[in-house]
Every structure is written in C-alpha cells, then in structure tokens.
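Below is one structure, written out as structure tokens; comments come after it.
The values are calculated or read from the model by the stated rules, or taken from the named source; none is laboratory data. Bear in mind that the values here come from a model prediction, so they are computed numbers and not experimental data. Cβ: placed from backbone, ideal geometry, glycine included. Neighbour counts: every protein chain shown.
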C-alpha cells in the first residue's frame, strides 16, 4: 500500500477515505465524470463528491495551492 511505503521512507502521509466512494473522486467545483467507456468504478456520485470535499483541504495544503474561495449564484445575489 502507498501509505505503508511512504511511512517506511519517513514521508509525512495523510490518508483520506470515504467508505462509499469509488475510484473516481470528484473535487469541489468539478462535475461528475460522464461519457467515455463504461467502467465499474464503484461508489456513487454523492460519495465520490463527499470524498473530494474531504480531500480538497489536504490537496491545497500539500501542493501549496493558492485558491480563491468559490462564490455561488446565491453569494452574488
């Protein structure tokens, strides 16, 4: 497993998971994947989005991303 190998090499590792997600994580603001080849990816769009929302802060921190808070149509009204 990736986590074990990273820890064995002294690398800081954070694992984020969701019990109902599949192989296609949907990050905040990203539409669910559609089209292309049909594959059994498991999970549900809702669970994949929940995992994406949970992992996003870790991605921002790890990659040192400079992101602006997203605004919604409701925020603009």
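One table, with the values for the structure above:
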item	result
Only one of 52, 43, 29 that is surrounded by 15 or more Cβ atoms within 10 Å (Cβ to Cβ) and either touching a residue at least 40 places away in the same chain (Cβ under 8 Å) or closer than 20 Å to residue 2 by Cα (or both)	52
Hits in segment 56-77 - residues which are modelled with pLDDT under 75 and over 20 Å from residue 16 (Cβ atoms)	68, 69, 71, 72, 73, 74, 75, 76, 77
